Amino acid sequence: MNNANKTKENNRESIFLNEHLLTAACLFAVITSVISLVFFPSEGDSFTRFEILVKLVTTVAMFFAFRYYNWDVAKGLMGGVLFCLMYQEAFLVLGKLWGEQDFDTYLTVGVQGSLYLAAAGMSFLMTIIITVNHFIINYALHGNPENVIFNRMAILFKLAVYVLLLATNSKLGFSSAMLWKNALQYLTDIAILLLLVSIESQFDSFKVLRQELLKFKRERRKKK
């Protein structure tokens, strides 16, 4: 009975403490990744397929590590997933767009292309911030509630940027296969971000920090 009551209480407390969201986010990431691999083969670019597979395997491994309560393994794999996202975006922004000066192609498209380039750069910066902050929060001797808030803000901003990427991507004058590949990648990454936030929210350290923040807010309100 106590466990059932605790589960209900957690579910009411935050949508991210609901384990159904964990499963749904992981399943969605798997489906979009499989569609990308099966229906949009990368002709002459086997590295992209390898990149998707590494991200997919790491994400699923993190999900199962968390479900079986291997906390340290899940935290380590979470860092691995974030590095996968960071490398993927670094390859796009620094390798393709900047290194090969492919951004000229997007600039000729007009406003949509410029927005797409700006969003890609912002997304990469946010991933760096989130990745670094993940290690500070999870592996520092003493957790810092302000870091948790900062991480949530960065993730919310990154999700907004993904929406912008999806909107501008649909208006670019590229082939339908290219547009779908990009869209599936961003949808996969959105699902992975939701999964990361859900898992982080259920770590004991994050629950304690959240309770400290709520207590601090209540005390401030009383003083006012």
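The values are calculated or read from the model by the stated rules, or taken from the named source; none is laboratory data. Keep in mind that what you see is a predicted model, and the values were worked out from it rather than measured. Every residue, glycine among them, receives a Cβ derived from its backbone with ideal geometry; neighbour counts consider all protein chains shown.
Condition check for GLY79 on (1) under 20 Å from LEU193 (Cα atoms); (2) modelled with pLDDT under 85; (3) of a type in the set (Gly, Ala, Ser): one failure, at (2). Looking at PHE66, PHE83, PHE40, just one residue is over 23 Å from TRP180 (Cα atoms), touching a residue at least 60 places away in the same chain (Cβ under 8 Å) and of a type outside the set (S, T, N, Q), and that residue is PHE66.
Go through the residues of segment 65-73 one by one and say whether even a single one is modelled with pLDDT under 90, closer than 25 Å to THR23 by Cα and among the charged types (D, E, K, R). For segment 65-73, residues modelled with pLDDT under 90, closer than 25 Å to THR23 by Cα and among the charged types (D, E, K, R): present. Annotation: of all residues in segment 87-118 being loosely packed, with under 14 Cβ neighbours inside 10 Å and among the polar types (S, T, N, Q), the one that is nearest to LEU164 (Cα to Cα) is THR108.
How many residues does segment 43-74 contain that are among the small types (Gly, Ala, Ser) and surrounded by 13 or more Cβ atoms within 10 Å (Cβ to Cβ)?
Counting residues in segment 43-74 that are among the small types (Gly, Ala, Ser) and surrounded by 13 or more Cβ atoms within 10 Å (Cβ to Cβ) gives 3.
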